[in-house]
Amino acid sequence: MEIGEIKREIRKEVTSFKSDREKMDEAYLRSLMESIFENWKRYKRTIVDEKTQEKIIREIIDDFLHYGPISEFLSDVSITEIMINGPYRIYIEKEGRKYLTEVKFDDEAHLRYIIERMIAPTRRRVDESFPYADFSLPDGSRVNVIIPPLSVYGPVVTIRKLSHLIKNVDDLIQMGTIDRRMGEFLVTCIRAKINILFSGATGSGKTTTVEVLSTYIDEEERIVTIEDALELTLHQEHVVRLLTRLPNIEGRGEISIRDLFINSLRMRPTRIILGEIRGSEAMDYIQALNSGHRGCLAVLHASTPEDSIMRLETMALYAGLNLPSWAIRKQIASGLNLVVQHEQLLDGSRKITYITEVVGIDENNNVILKDLFRYNIEGRKDDGKIKGKFVALGLPSFYGMLKKKGFDLKEDIFKE
């Protein structure tokens with residue numbers, strides 16, 4: 001019998017035990033598998049050498065208690081992304097660069113078993129009727145799964161890990177994501193309840209920035225978060241977390257981000273944090289900004305501050321209210337204060353490349369944007385790292401309001 005076949009048989013025998021799976025610990029599993037091997041040896045079914053036996057026991061313990069072959073990657077804080085392209089090709093991202101690993105699953109059935117372990121606590125599902133799913137692991141890592149026939153070469157799993165090493169603005173500064181002036185300004189904006197849109201491509205660091213800046217929200221505030229997969233971890237006491245729901249097998253019962261956002265406005269929130277704007281909820285978000293809800297934070301996928309405004313306008317049109325574009329732009333300009341643009345550069349580093357103020361609207365009903373800070377790329381160093389610097393470009397128009405509210409932000413930080 002080959003090792004893969006032995007593992008399948010052992011796994012099947014362990015699974016057949018009626019013990020409460022929640023009570024299974026490493027000692028119990030090890031004892032159980034050693035007994036199974038001993039029985040095999042006694043009846044001369046299969047004799048496995050001690051080294052191979054230990055390897056099989058270790059791997060099956062990882063299958064039952066952790067996440068199989070990728071357990072080591074999930075516990076490695078230096079790895080930011082795990083990409084599983086079928087059972088035999090597993091890539092990781094480390095320091096912004098992607099590498100093919102030597103780690104493999106036994107076969108597609110083994111990979112499917114680990115997927116089921118991941119998704120089971122979330123009460124979501126991935127099967128022929130729902131062949132893709134988004135959900136989060138207990139540590140906040142975000143998982144996307146897509147299975148055949150939509151993926152040609154077997155199940156594809158993408159795990160984006162949240163960095164628990166980045167806890168405050170000083171950590172972002174140390175990593176070079178922002179400089180100290182930008183950090184001081186963003187923290188002041190959070191405390192002053194400025195409405196901020198966090199924009200960027202997938203994996204550019206938007207969620208990390210939101211999570212870091214949210215730590216500066218006052219403990220007395222009532223915070224409502226709305227997500228389609230639990231990613232944000234807030235440390236304040238008074239936090240209400242809302243999660244979307246997929247339709248059931250009959251196609252009923254779906255609760256969308258828009259449904260939750262509309263409901264959140266009736267929950268007396270001091271702050272609303274929207275995990276991602278991706279559809280018609282953009283209209284409700286824009287209207288909330290103009291109805292006295294200050295300090296709203298939201299995430300959106302866009303490549304520049306200008307694109308983020310355009311996407312916000314386009315998605316607001318999905319709401320079907322038949323408002324003219326100029327009316328939507330006017331509401332955006334009136335309610336939104338800042339766009340914080342993120343980018344992952346060619347060397348893998350993540351930067352906040354723009355902090356841009358939404359100033360107002362011009363005579364042609366176009367939204368006026370003004371860059372307050374920008375990251376200027378100057379070239380590449382000999383080691384391939386991007387060479388550049390953060391520059392300040394001028395005072396925000398709401399600087400006087402910050403002063404009146406008692407925030408002592410020095411003018412010097414806006415001067416180059």
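If I ask for residues that are part of a helix (DSSP H, G or I) and surrounded by 14 or more Cβ atoms within 10 Å (Cβ to Cβ), which ones from the stretch 43-53 would you list?
Listed by number, the list holds a single entry, GLN53.
Please count how many residues of the stretch 144-158 are within 24 Å of ILE79 (Cα to Cα), out of contact with any Pro (no Cβ under 7 Å at 6 or more places or on another chain) and surrounded by fewer than 20 Cβ atoms within 10 Å (Cβ to Cβ).
Total meeting the criteria: 2.
If only one of ILE166, ILE173, ILE178 is modelled with pLDDT under 90, crowded, with 16+ Cβ neighbours inside 10 Å and among the aliphatic types (A, V, I, L, M), which one is it? It would help to see each step written out before you state the result.
Values: ILE173 fails: modelled with pLDDT under 90; ILE178 fails: modelled with pLDDT under 90.
Among ILE166, ILE173, ILE178, only ILE166 is modelled with pLDDT under 90, crowded, with 16+ Cβ neighbours inside 10 Å and among the aliphatic types (A, V, I, L, M).
Determine if the stretch 354-369 includes at least one residue that is surrounded by fewer than 17 Cβ atoms within 10 Å (Cβ to Cβ), in a loop (DSSP other than H, G, I, E, B) and either of a type in the set (Lys, Arg) or within 31 Å of the chain's Cα centre (by Cα) (or both).
no
Do you know which of the residues in the stretch 341-351 that are touching a strand residue (DSSP E or B) at 6+ places or on another chain (Cβ under 6 Å) and of a type outside the set (D, E, K, R) is farthest from MET401 (Cα to Cα)?
GLY348
Considering every residue within the stretch 185-197, establish whether at least one is under 20 Å from ARG142 (Cα atoms), of a type in the set (Lys, Arg) and in contact (Cβ under 8 Å) with a residue 24 or more places away in the chain.
no
Taking the condition of being under 26 Å from GLN331 (Cα atoms) and not in a strand (DSSP E or B), how many residues in the stretch 370-395 meet it?
Of the residues in the stretch 370-395, 3 are under 26 Å from GLN331 (Cα atoms) and not in a strand (DSSP E or B).
Restricting to the stretch 270-300, count the residues that are farther than 11 Å from MET315 by Cβ, of a type in the set (A, V, I, L, M, F, W, C) and not in a helix (DSSP H, G or I).
Selection size over the stretch 270-300: 7.
From LYS330, LYS351, grab the single residue that is among the basic types (Lys, Arg) and in a strand (DSSP E or B).
Of LYS330, LYS351, the one residue that is among the basic types (Lys, Arg) and in a strand (DSSP E or B) is LYS351.
Considering each residue of the stretch 122-133, count those that are surrounded by fewer than 19 Cβ atoms within 10 Å (Cβ to Cβ) and not in a loop (DSSP other than H, G, I, E, B), and give that number.
Final tally of qualifying residues: 2.
Out of all the residues in the stretch 290-303, is one or more free of Cβ contacts under 8 Å to residues at least 40 places away in the same chain and among the basic types (Lys, Arg)?
Scanning the stretch 290-303, I find no residue that is free of Cβ contacts under 8 Å to residues at least 40 places away in the same chain and among the basic types (Lys, Arg), so the answer is no.
Looking at the stretch 94-103, is at least one residue touching a Lys or Arg at 6+ places or on another chain (Cβ under 9 Å) and either part of a helix (DSSP H, G or I) or in contact (Cβ under 8 Å) with a residue 40 or more places away in the chain (or both)?
yes
The values are calculated or read from the model by the stated rules, or taken from the named source; none is laboratory data. A quick note: this is a predicted structure, and the numbers were derived from the prediction, not measured. Please note: Cβ atoms are built from the backbone with ideal geometry, for glycine as well, and neighbour counts cover all protein chains shown.
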